[in-house]
Amino acid sequence: MATTTFPTRDDFAALLNESLGGENETFEGKVVKGTVTGIENDMAVIDVGLKSEGRVPLREFAAPGQKADLKIGDEVEVYVDRVENSQGEAMLSRDRARREAAWDKLEGEFTAANRVEGVIFGRVKGGFTVDLGGAVAFLPGSQVDIRPVRDVGPLMDLPQPFVILKMDRRRGNIVVSRRAILEETRAEQRSGLIQSLAEGQVIEGVVKNITDYGAFVDLGGIDGLLHVTDISYKRVNHPSEVLGIGDTVKVQIIRINKETQRISLGMKQLESDPWEGAAAKYPIGGTFRGRVTNITEYGAFVELEAGIEGLVHVSEMSWTKKNVHPGKIVSTSQEVDVKVLEVDQEKRRISLGLKQAQSNPWEAFAGAHPVGSVVEGEVKNATEFGLFIGLEGDVDGMVHMSDIAWGVSGEEALGLHRKGELVKAQVLDVDVEKERISLGMKQLEGGGAGTGAGAGASARSGGARGGAGVNKGETVTVIVRAVQDAGLDVQVGDDGVTGFIKRTDLGRDRDEQRPERFQVGQKFDAMVSGYDRSKKPNFSVKALQISEEKQAVAQYGSSDSGASLGDILGQALKEAQSKAAKPAKAEAAEKPTKAEAAEKPAKAEAAEKPTKADKPEKAVKAEKPAKAAKPAKAAKAKAAEPAEAESETVAEAVEAPETEK
């Protein structure tokens, strides 16, 4: 009886390995040949010698954009992904087979830097997909053409050459370029075409592209740049104003750079140059009419004729409008009259003046308003140094703060007027070249500072000036109208101007600075020290005393350099007594007590009493220089000044007789 031996699991594995080609060999991951045994729907059944057949979609056997040409019995190469899947079928791939074969071929072409043929069949983010005989490569959008291409439709599904830029088989990444092929072809054409071109040659071309700075013209395989400044002699703001894409133009070759293969073209060079003879055509000083073509911050360009423009600088646009944008004076396309200031034919520059073609308002003002005439205008602006007054002819005149009002400081004078106020002023000076008009407002007021102290002697008779104004520094006789704590309200003469004396201006000594020692109706001399905001005069007894001291010292102390202080005071006292004599009070004037009373207002009331005025001992004391001029205390205060100690002491001593006037 025969025994039946059943194969074990190990025997089955050995038989399987033998059937598949050996223990160390496998089909997975390899490209093998198979036979098409059937076509079912969209699938092709292929036998590759395994336990079971595999199925491959028909589309994998078709070229991009075409149908698959496959029939039963054809031998094809497929890639074995797995020997058996969950359904017991072999997993095959035609794409993988073609890709592996293509990668082997492409690696060789990439190493040799050869061109490869491919078909653009799809669009992805940033570019396109290209079929390189089974391997899919990426074509960046910037590598499609030399210039950006808006529509890639005509390039789709057409076999065309490419250059492999990058290849990574492990990652399955291939990057190709079509632009590199075009640039190589273009470079070959350019080299041949450049050799046939020469500078100065006139040639026709087609406008291919327009930019802000010019236009690119195709010269038959090579492009040249037609810059915007070479399109025409007249101003061209943008090339599209003259040219359009596809236009055929006649150009002249200006420059050829054979190293960079760049060609510069020009159209205006074919026209006559309008700048030839421009200096004779537009002489300096001539007035011409032109059109404003462009406005900038520094001026305006005026076209005198087609191709010739001149610049009107902002400083030459208006006589009166300063620091104003040119666009507020002229507008584009406006026709204006201009005067030629300078011509540079070599640099093709003409300097023009707009205001020179108009009448000078400063000359007109100087002719209509000579120095000394009175003008009226509105306060346009107030600065830290004066007021600007708007005058006729759209010119401004300036009133310096020192010429606004008499007797007040410049800062106070500026506060007397406000912007928009209508004022009158006197023309002091007109400088046409510097465009300056100096005005004065205080010159229209009654009085001025020109007479000085010397003129005050003739005005001592109270009320001699009547209702007229008084001058600063003038000495006048005033009458007390009211006594206040802050000072005295006084009037010049019986019908003169009224003013005020501050408490501190009633005398030099503190005991003299008491308003209560004066009575309403009392008369005395004072000096005009200034004016208040309402332009009323201010008076000062203190300023008069200081002025008379200086006059006395100059009169009595300079004639004899060896004179003693007593001699000077005695002489001054005698002169004062003789001048102070009045008919109504002759006897009282001879008594020294009156002189002392006049100098010392603090004892004015006591001096007027008859009982004390008749005492001889008072008269004796008045004749003593040391006591007759009690204000000599002030001279002691100035003793710290050695050079003027003696003269100041003398001046103090003379004060008592002078105040008796």
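The values are calculated or read from the model by the stated rules, or taken from the named source; none is laboratory data. Since the structure is predicted, the reported quantities are computational estimates derived from the model, not experimental observations. Virtual Cβ from ideal backbone geometry, glycine too; neighbours counted across all protein chains shown. The accessibility values were calculated without ligands, DNA or RNA, using every heavy atom of the protein model including side chains. Shrake-Rupley method; radii C 1.70, N 1.55, O 1.52, S 1.80 Å.
Keeping all protein chains in place and using 1.4 angstrom, which order do ILE46, ILE284 fall into by accessible surface area, from largest down?
Reading off the accessible areas and sorting them downward yields ILE284, ILE46.
If Lys and Arg each add +1 and Asp and Glu each add -1, what is the summed charge of the other residues whose beta carbon sits under 11 Å from the beta carbon of THR248?
-2
To one decimal place, what Kirkwood hydrodynamic radius in Å is obtained for region 275-349 from all pairs of distinct Cα atoms?
The answer is 12.7 Å.
Quick check on my link table: of LYS250/LYS347; LYS281/LYS347; LYS322/LYS419; LYS380/LYS472; LYS328/LYS355, which ones sit more than 18 Å apart, alpha carbon to alpha carbon?
LYS250/LYS347; LYS322/LYS419; LYS380/LYS472
Got a sec? What order do GLU204, GLU60, GLU77 fall in by accessible area at 1.4 Å, biggest, i.e. largest, first?
GLU204, GLU77, GLU60
Mind running the shape call on region 64-194? Use the C-alpha gyration tensor, a ≥ b ≥ c as the square roots of the eigenvalues: rounded below 1.5 for a/c, prolate if a/b tops b/c, oblate otherwise.
Because a/c hits 1.5 or more and a/b exceeds b/c, region 64-194 counts as prolate.
Quick check on region 281-434: what are the equivalent-ellipsoid semi-axes from the Cα gyration tensor, as sqrt(5λ), descending, whole Å?
39, 16, 12
Considering only protein heavy atoms, what is the solvent-accessible area of PHE385 at a probe of 1.4 Å, reported in Å² to the nearest 10?
80 Å²
Select from region 251-294 those trypsin sites (Lys or Arg not before Pro) which occupy a DSSP coil region and have at most 13 other Cβ atoms within 10 Å, ordered by residue number.
LYS258
Cα gyration tensor of region 350-411, axes a ≥ b ≥ c as square roots of the eigenvalues: rounded (a/c below 1.5), prolate (a/b > b/c) or oblate?
Verdict is prolate for region 350-411.
Describe numerically, in nm with one decimal, the distance between label points set 7 Å from Cα along Cα→Cβ at ASP212 and at THR129.
About 4.0 nm separates the two model spin labels.
Only Cα pairs under 8 Å and at least 6 apart count here; give the relative contact order of region 146-192 as a rounded whole percent.
31 percent
How large are Rg and Dmax for region 130-218 when calculated on the C-alpha trace, in angstrom?
17.4, 57
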